[in-house]
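One structure below.
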Amino acid sequence: MSADQTLFVSPSVTNMLVGDIREFCVFDIDGKILTREAEWTIDDSGIVTLNDKGQPTIITKQPGKAILRARVGSQSAEASITVLDGDKMPNGTIKWSVPNYPGYKSQKIVQAVPTARGPDLYTVEENAEGKSLVRAWTSEGIFLWIRKFDRRIVGAIPH
C-alpha cells in the first residue's frame, strides 16, 4: 500500500479453503463504501470465481493465489487471496486481515457488543500527531464505518 492510497478492499488479505465463499467491499479514505460503484476483476479465474453482481463474492476452486481488484474511476485497490487445500485451516493461519489506514498504526482491537446489524469488532488506530481513529468491521472483515478524533483515545476505551 502506498502512502497516497485512497481506495481500499476489505478484507485486504484472506486465506480460504477450496469450496469457501467470501464477500468483499471497497471503501475510500473518508469511509464511503463504494462497493456497488466499483468494477471488480480477478487475475486468475482458475483459482477462484468472482460473482460481481451486488456484493462481490469469491468462490474458491483450487489451491493457489489470486488478486481481486476494485476500480472506482481512476483509483484502484486490491485484495490478496490464498486458497489452501484440505478440510481445515492449518493451525495459526490468519483467516483475513484488513487494510492499514495511511499514517496510522493499530493500537487495539475491541470486540463489539453484539447487535443485529452492528459491527463485530473495532480497530483503534493512532498517528504520530496524537490523532486517533476507530474503524468498525464485521466478523468476516467487511468494513462498516470510520470515526476520526483529534486526540488519543486508547486509554479511554475499556479492555
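For LYS88, which aspartates and glutamates qualify as cross-link partners when the Cα separation must be under 15 Å and same-chain residues fewer than eight apart are set aside?
ASP20
Roughly what % of DSSP beta bridges within the chain run antiparallel, to the nearest 5?
Bridges in the chain that DSSP calls antiparallel: roughly 90 percent.
With contacts defined as alpha carbon pairs under 8 Å and 6 or more residues apart, what's the relative contact order of the range 13-112 in percent?
33
Quick one: ARG151, ARG135, fewest Cβ neighbours within 10 Å first, how do they rank?
ARG151, ARG135
If you stretched the chain out fully between ASN91 and ALA128, how much longer would it get, using 0.36 nm times the residue separation minus the C-alpha to C-alpha distance?
The ASN91-ALA128 span can extend by a further 9.8 nm.
Which entry in (1) -0.24, -0.46, -0.55, -0.64; (2) -0.36, -0.56, -0.64, -0.72; (3) -0.21, -0.40, -0.47, -0.56 matches log10 I(q)/I(0) by the Debye sum over Cα atoms at q = 0.08, 0.11, 0.12, 0.13 Å⁻¹ derived from the coordinates of this structure?
(1)
Once each part is reduced to its C-alpha centroid, what is the distance from the range 98-159 to the range 7-26 in angstrom?
Comparing the Cα centres of the range 98-159 and the range 7-26, I get a distance of 19 Å.
List the lysines whose Cα lies under 28 Å from the Cα of LYS95, skipping any in the same chain that are fewer than 8 positions away.
LYS32, LYS53, LYS61, LYS65, LYS105, LYS108, LYS148
Between THR49 and LYS148, with labels modelled 7 Å along Cα→Cβ, what's the label distance in nm to one decimal, could you check?
4.2
Test of understanding: ordering TRP145, TRP96 by Cβ neighbours within 10 Å, fewest first, what list do you get?
So the residues, fewest neighbours to most, are TRP145, TRP96.
For a quick check: sort VAL154, VAL26, VAL113 by the number of other beta carbons within 10 angstrom, fewest at the front.
In order of increasing Cβ crowding within 10 Å: VAL113, VAL154, VAL26.
Bear in mind that the values in this text are calculations on the coordinates, not laboratory data. Just so it is clear, the model here is predicted, and its values are computed rather than measured. Cβ coordinates were reconstructed from backbone atoms using ideal geometry, including for glycine residues, and neighbour counts include every protein chain displayed.
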